[in-house]
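Q: Before I ask anything, let me first share the structure, which is written out below as structure tokens.
Every number here is computed from the coordinates shown, using simple stated rules; none is lab data. Keep in mind that this is a model prediction, so the values were computed, not measured. Here the Cβ positions follow ideal geometry from the backbone for every residue, glycine too, while neighbour counts run over all protein chains shown.
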Amino acid sequence: MSAIGQGRLVTWRRGHRSVRFSRRSAWVALATCGVVLVLAVVGLMIGDYDVSAGQVLAALGGGGTDPLASYFVTEIRLPRVVAAILVGIALGVAGSLFQMVSGNPLGSPDILGFTTGAATGALIQIIVVGGDTDAVALGALVGGLLTAALVQVLVRPHGLTGTRLVLVGIGVGSTLGAINTLLVAEASLVAAQTAAQWLAGSLNTVLWPRTTMLAVAVAVLSACAVTIARALHLLPLGDDTARAVGVPAQRIRTSAVVIAVAMVSVATAVTGPIAFVALAAPQVARRLAGTPTPGIVGPALTGALLVLGSDLIAQRLLAPTELAVGVVTGALGGIYLIVLLAVDWRKR
Amino acid sequence: MTAPRRAARTALAVLALLIPPALAACGDTSTSVAAGETRTVVDVEGTEMEVPVDPQRVVTLSEPTLDGVLALGVTPVGTVSGRGQSSVPSYLADEAGEIPLLGGVAAPNYEKIANADPDLILVDGTSINNNPEAIGVLRKIAPTFYTGYAGGDWRANFELVAEALNEKEPATAVLAEYDAKVAEAKKDLTSYADDTFSVVRWQGSSAAMILKELPAGMALSDLGLQRPGPQDKRGRGHSEPVSLENIATIDADYMFFGTLGGSSNANPDAGGAADLTGAQQALAQAEEVPGFSTLAAYRTGHIYPVDGSLWTSTGGPILMSRIVDNVTGILA
């Protein structure tokens, strides 16, 4: 069903470069952007501290009469909204890259152990070193990358294929998961509490310094992902066919995995592991756009929508108590994917 | 041909570039300044700040600071829920039940705190640990005084709470009252000089021991009650988990048995009561565990269910004094 439903194709040319996309995916992307924008505005408007719409505008324009209101809008809510969008993009793109490389809709960094590895790095900082929030972010970054290196070393002698990546990833992930459990069990109560908070994945207290770093990383990494996106679409045809049209399949896979791991590690460093987005966003995007592979742009936007929407729900559902955004993404993403699969099966 | 490799290299380069700023990142320093008449105080981290001479709207973001403030007769305008609990610590329910909650112990709701319009915020390492950003945000709202590190001495923590509130003399009186109570209780407990006392926190289906550095351990030391060998030491600021095959290590002549509900590190919201009823239910569960019924304390009927929020968590002078009352109530 999905392979046929490509819809009308549009080609944009500029010089000798061209981009080809279906009209439907363009509309879906535009609509998703619109919803993200609306949610972003909602995110700036609502909160427990009373700030009127006028005050929000004044604060964004650099004015405002209540300095605390301006502070909450520009220094707490705005970086949080921006970070939610960026984390969503990173997770969506990373998930899509993994799924295209592994040719498996379950090929997501949550399942392949990369998120777990980032968590191990962070937990070592929280529990063993007792580092502050910056040290924890750094730990997650390093943890994710070391995990990727380990998976690479284990996979390499036989070549990076989808199945092998999935199997090795799951194995490494389970081992690291056990280490994480051990770390938390041995932690002091306070450190364990910090760890539990971090492990749930939260955008609480994500301020500008972290959001800015995230923005730079996501911008560059997304650009990297776009450069190999087209080659990735050819992988399902088989390595030989890909080579025949000038695509070095092995190298493309390796690059995609490196970029994806970098994106997941950066996102996890900022917020802690946010469940399910990397897994669900590409699949949701693919079904919305009706394309055979998820691509890059669709999952990025869908991921942004998922994380931002979930964060708003996390903040407001049980207000004033705040849920961790990871709890909501897990629930929402899961439900949505089940619905989509059910619809898909019925059509068959 | 090299495009993918270049993309991967760029990706790695980005990460390498991110690491130094991640290390160097720091927040800006402009902070909220108290209005009206102020005095200069220095908190446990050495941060100097201006606080009101007579703070009217105090917010406490941890159990020890809430306990300390209440002990000084001040009612905060907002606080956070107790550890592993969805309301104020149950041992303070009577005094603090009406105080608005402004988030959880590790997740304060900044906007809610700002709405409470505090003129002084008290935090310590049991609630906000290694999180300079969180402290930075709080300092935008009101002067934020860090009273102590996790596992620190409760007296020192309480004295700093008093310092922040400008209530040093009343604090001395509160501490003297505690010492007098302990001295009195000691006289009633002389017949227990040769016995050992275990403090156990039951969690889900396993036990943890409260060692000597935690409030309940300190109270027993103050009372001159001995601990069994495995508990006769200072721990790492938390209850020491015991695996079920080693259940015999929790044994002693007497056992105080509490719980914080089904909550655990991995699942802090599992629910279950932290109070006396919760302890009784947990004890019923514990009896099902192989080996529990062979413990000497069990066979002699010397296991006493106690309020877990009082015995196995953290707090200040009210907590300490109630543990002492609890012990004398049970034993004397």
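Q: If you split all Cα-Cα distances of segment A:103-182 into 10 Å bins from zero, what percentages do you get per bin, shortest first?
A: All Cα pairs, binned at 10 Å, distribute as 21, 47, 24, 8, 0 percent.
Q: Taking every DSSP beta bridge with both residues inside segment B:182-331, roughly what % is antiparallel (nearest 5)?
A: Within segment B:182-331, antiparallel bridges account for around 40 percent of the total.
Q: Still on this structure, I have one more. Return a whole-number percent for the relative contact order of chain A, with Cα pairs under 8 Å and 6 or more residues apart as the contact set.
A: Relative contact order for chain A comes out at 28 percent.
Q: Right, something else. Quick one: longest stretch of chain B between exposed loop trypsin sites (Lys or Arg not before Pro), exposed meaning at most 16 other C-beta atoms within 10 Å and loop per DSSP?
A: Longest gap between qualifying sites, sites excluded: B:58-211.
Q: So how many Å³ per residue does the convex hull of the Cα atoms of the protein assembly as shown work out to?
A: Convex hull volume per residue, Cα atoms: 167 Å³.
Q: Which whole-Hz couplings ³J(HN,Hα) result when phi for each residue of segment B:137-144 is put into the Karplus expression 6.51 cos²θ - 1.76 cosθ + 1.60, θ = phi - 60°, listed in order with x for Gly and Pro?
A: 5, 4, 5, 6, 7, 6, x, 10
Q: Treating cross-link reach as a plain straight distance, find the lysines whose alpha-carbon is under 18 Å from the alpha-carbon of B:Lys233, omitting any fewer than eight places away in the same chain.
A: Answer for B:Lys233, where 18 Å is the Cα cut-off: B:Lys212, listed by chain and number.
Q: Would you tell me the mean number of C-beta atoms belonging to other protein chains that fall within 10 Å of each C-beta in A:130-143, as a whole number?
A: Shielding by partners across A:130-143 averages 3.
Q: Please find, in a Gaussian network model of chain A (springs between Cα atoms separated by less than 10 Å), the residue of A:Gly62, A:Gly272, A:Gly177 whose mean-square fluctuation is greatest.
A: It is A:Gly62.
Q: By the gyration tensor of its Cα atoms, with a ≥ b ≥ c the square roots of the eigenvalues, what is the shape of segment A:56-158: rounded for a/c under 1.5, prolate for a/b over b/c, or oblate?
A: oblate
Q: Could you size up the charge dipole of the protein assembly as shown around its Cα centre, putting +1 on the beta carbon of Lys and Arg and -1 on that of Asp and Glu, and report it in debye to the nearest 20?
A: The dipole magnitude comes to about 5480 debye.
Q: Can you give me the distance in nm between label points at B:Val42 and A:Thr163, each placed 7 Å from the Cα along the Cα-to-Cβ direction?
A: Each label point is offset 7 Å from its Cα along the Cβ direction, giving 6.9 nm.
Q: Also, I was wondering about something else. If the cut-off is 23 Å between C-alpha atoms, which lysines fall inside it for B:Lys168, apart from same-chain ones fewer than 8 positions away?
A: Cα-Cα hits under 23 Å: B:Lys181.
Q: What three numbers, in Å, describe the spread of the alpha carbons of chain B along their principal axes, ordered from the longest?
A: Extents along the principal axes, in whole Å: 72, 68, 32.
Q: Rounded to whole Hz and in sequence order, give me ³J(HN,Hα) for segment A:300-308 from the Karplus expression 6.51 cos²θ - 1.76 cosθ + 1.60, θ = phi - 60°, writing x for Gly and Pro.
A: 4, 5, 4, x, 4, 4, 4, 5, 5
Q: Picking from A:Leu176, B:Ala216, A:Gly92, whose Cα lies most toward the positive end of the charge dipole for the protein assembly as shown (charges on Cβ: Lys, Arg +1; Asp, Glu -1)?
A: A:Gly92
Q: How large is ³J(HN,Hα) for each residue in segment B:208-221, as worked out from phi by the Karplus curve 6.51 cos²θ - 1.76 cosθ + 1.60 (θ = phi - 60°), to whole Hz, x for Gly and Pro?
A: Whole-Hz 3J(HN,Hα) from phi for segment B:208-221: 9, 9, 8, 8, 7, 8, 8, x, 5, x, 5, 4, 5, 4.
Q: Now a separate question. So if R0 is 60 Å, what FRET efficiency would B:Ala193 and A:Leu340 give, r being the distance between their Cβ atoms, rounded to the nearest 0.05?
A: Rounded to the nearest 0.05, the efficiency is 0.30.
Q: Using only atoms on other chains, find how many Cβ atoms lie within 10 Å of each Cβ of peptide A:168-177 and report the average.
A: Rounded to a whole number, the mean comes out at 0.
Q: What is the set of long-range amide H partners of B:Val88 at a cut-off below 5 Å, with H atoms built 1.01 Å from backbone N?
A: Hits under the 5 Å cutoff: B:Gly82.
Q: Taking the Cα centre of segment B:182-331 as origin, sum charge times position over the Cβ atoms of Lys and Arg (+1) and Asp and Glu (-1), and report the length of that vector in debye to the nearest 20.
A: The calculation lands at about 300 debye.
Q: Taking amide H atoms as placed 1.01 Å from N in the peptide plane, list the residues 5 or more away in sequence, or in a different chain, whose amide H sits under 5 Å from that of B:Tyr304.
A: It is B:Met255, B:Phe256, B:Phe257, by chain and number.
Q: Could I ask something else about it? Between B:Ala93 and A:Asp50, how high is the FRET efficiency from 1/(1 + (r/R0)^6) when r is the Cβ-Cβ distance and R₀ = 35 Å? Nearest 0.05.
A: With a Förster radius of 35 Å, E is 0.75.
Q: Quick one: which residues, 5 or more positions from B:Gly103 or on another chain, have an amide H under 5 Å from its amide H? H modelled 1.01 Å from N in the peptide plane, none for Pro or chain starts.
A: B:Ser81, B:Asn109
Q: So for the pair B:Asn246, B:Ser86, with labels modelled 7 Å out along Cα→Cβ, what separation do we get in nm?
A: 3.4
Q: OK, next. For chain B, what proportion of DSSP beta bridges, expressed in % and rounded to the nearest 5, is antiparallel?
A: Taking every DSSP beta bridge within chain B, about 40 percent pair in antiparallel fashion.
Q: Another question about this same structure. So which residue, out of B:Glu50, B:Glu159, B:Glu37, gets the largest mean-square fluctuation from a GNM of chain B using Cα contacts under 10 Å as springs?
A: B:Glu37
Q: Based solely on its DSSP helices, what 222 nm [θ] is calculated for chain A when runs of n ≥ 4 H residues each add -39,500 (n - 2.57) and the sum is averaged over all residues, nearest 500 deg cm²/dmol?
A: Taken over chain A, the calculation gives -23500 deg cm²/dmol.
Q: Can you tell me which aspartates and glutamates have their Cα less than 17 Å from the Cα of B:Lys187? Leave out same-chain residues fewer than eight positions away.
A: Result set, ordered by chain and number: B:Glu177, B:Asp179, B:Asp195, B:Asp222, B:Asp325.
Q: With just the Cα atoms defining each centre, how far is segment B:116-190 from segment A:53-83? Give it in Å.
A: Cα centres, segment B:116-190 to segment A:53-83: 34 Å.
Q: Moving on to the next point. Report, for the protein assembly as shown, the % of DSSP beta bridges that are antiparallel, rounded to 5.
A: 50
Q: Say we join alpha carbon atoms closer than 10 Å with springs in a Gaussian network model of chain B; which of B:Thr314, B:Thr190, B:Thr249 then has the biggest fluctuation?
A: So, out of B:Thr314, B:Thr190, B:Thr249, the one fluctuating most is B:Thr190.
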